[in-house]
Structures are given as structure tokens and as C-alpha cells.
Amino acid sequence: AEIRQDGTLYRNQQEAVILRSDQDGKVRFTPSKAGRYLLIAGHTSPLSNDAMADEARSSIHLTFEVVLK
């Protein structure tokens, strides 16, 4: 999974955070700043007995906002 803070798309350094899931498919992320974020996650698994493809891939894009307490 990759997490990017809003407003970094056109910067030289996007400061993306790359996360790997654990055995249960979960990731942990603690943001350092308030604001909007984009989470991009994907999963790829091999296919057998499929003449059209070697693997299947699914992905999700999720936006969320972090607020100050």
C-alpha cells in the first residue's frame, strides 16, 4: 500500500509512505500531520488454467482526512 498526503502530486518529493501488509492483510499508519490523504492498495494473485491471463490484480483508492484533537 502507498499513502500520500494531499497537495504533493506536483512536488519533486511526494513523501509517499510505502506499507506492507502483515499475515492478516493489515497495515498500520500513524500520520504526522492533519490533512487529506490518499491510500492506494493492490493485491496480485497467480491464475492457473487461464489462457488469457497469468495473474489477477485488484486495487483500491481510498481518501481520508486526519483532524487534530
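The values are calculated or read from the model by the stated rules, or taken from the named source; none is laboratory data. What you see is a predicted model; the values in this text were computed from it and never measured. In this analysis, Cβ positions are derived from the backbone assuming ideal geometry, glycine residues included, and neighbour counts consider all displayed protein chains.
What residue, among those in the stretch 32-57 that are closer than 26 Å to Leu68 by Cβ and modelled with pLDDT of 90 or more, is surrounded by the most Cβ atoms within 10 Å (Cβ to Cβ)? Steps first, please.
Quick first cut of the stretch 32-57, residues closer than 26 Å to Leu68 by Cβ only: 32-41.
Filter once more, keeping what is modelled with pLDDT of 90 or more: 34-41.
On the way: Ala34: 12, Gly35: 12, Arg36: 12, Tyr37: 19, Leu38: 16, Leu39: 17, Ile40: 13, Ala41: 16.
Across the stretch 32-57, the extreme among qualifying residues is Tyr37.
Within the stretch 16-69, track down each residue that is closer than 15 Å to Ala1 by Cβ, in a loop (DSSP other than H, G, I, E, B), charged (D, E, K, R) and over 11 Å from the mean Cα position of the chain (by Cα).
Asp22, Asp24, Lys26, Arg28, listed by residue number.
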